[in-house]
1. Using alpha-carbon positions, what is the distance between the centroids of segment 94-135 and segment 48-83, in Å?
2. Based on DSSP H runs of at least 4 residues, each adding -39500 (n - 2.57), what is the mean residue ellipticity at 222 nm of the chain after dividing by all its residues, to the nearest 500 deg cm²/dmol?
3. For Ala41 paired with Ser131, estimate the spin-label separation in nm (one decimal), with each label point 7 Å from Cα along the Cα-to-Cβ line.
4. May I ask you to list the GluC sites (Glu not before Pro) in segment 57-162 that are in a DSSP loop and have at most 14 other Cβ atoms within 10 Å of their Cβ?
5. Looking at the calculated P(r) for segment 87-140, what percent of the C-alpha pair distances fall above 12 Å?
6. Ala30 versus Trp73, label points 7 Å from Cα toward the beta carbon: distance in nm?
7. Taking loop as defined by DSSP and a crowding limit of 13 other beta carbons within 10 Å, which trypsin sites (Lys or Arg not before Pro) in segment 93-127 fit?
8. Out of (1) 18.0, 59; (2) 14.9, 45; (3) 37.6, 115, which label holds the value of Rg and Dmax of the Cα atoms in Å that was computed here?
Amino acid sequence: MTPPQRREIDVAARKVHRMAVDTSFAVFRARFEQAVPRFDAPAFTQLTRAEASWEALVRAVTDKAPHGFVTHWSGDISSMVCPEGNCRRCRAYLLDSPPVLFRAPLRAAIHEDAAGRVRFVTDRPSARLASLGDPRIARFGEDLDHKLDALLEFLGVTATPA
């Protein structure tokens with residue numbers, strides 16, 4: 001058996017933004033989950049089975065996304081990220097934004113540290129998409145940044161890293 005050839009790996013480093021939240025974990029989580037509702041998979045499946053156009057699919061999701069994002073998945077990951085007591089709670093989210101459904105998911109988390117400070121943690125879409133090296137995709141990432149900034153403003157979170 002021939003050993004695999006060594007190849008260079010292209011690494012694109014980017015920052016993760018951690019922002020202060022001026023309220024409790026439970027209150028911020030409730031506000032966030034109301035502003036970024038769950039993706040309605042059964043309705044989406046029904047539309048795809050009816051052979052709806054891509055525009056109709058995007059419109060159906062957009063109608064349910066008052067702030068431009070829906071949640072595909074969320075889960076309590078406290079046991080994974082807080083095993084040594086350095087934090088109290090952490091809930092992770094996988095978000096999406098029409099019209100790019102399923103193509104550029106956004107990771108986010110709500111985190112409460114051991115001192116009770118609540119943080120919202122996310123990638124900046126522009127940094128992630130710019131790493132692909134296509135200016136058209138990078139511009140779309142900048143549009144997603146604006147949507148994310150508007151969502152954060154609605155939620156009362158300053159976009160200043162904490």
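1. Between the Cα centres of segment 94-135 and segment 48-83 lies a distance of 13 Å.
2. Values: 6 runs with 61 residues, N = 162.
The helix-only estimate for the chain comes to -11000 deg cm²/dmol at 222 nm.
3. Going from the Ala41 label point to the Ser131 one covers 2.6 nm.
4. Glu84
5. Of all Cα-Cα pairs in segment 87-140, 68 percent lie more than 12 Å apart.
6. Result: 2.8 nm between the two label points.
7. Sparse-neighbourhood loop trypsin sites (Lys or Arg not before Pro): Arg103.
8. (1)
No value in this document is a laboratory result; all are computed from the given coordinates. Please read all numbers here as calculations on a predicted model, not as lab measurements. So basically every Cβ, Gly included, is an ideal-geometry build from the backbone, and we count neighbours across all protein chains shown.
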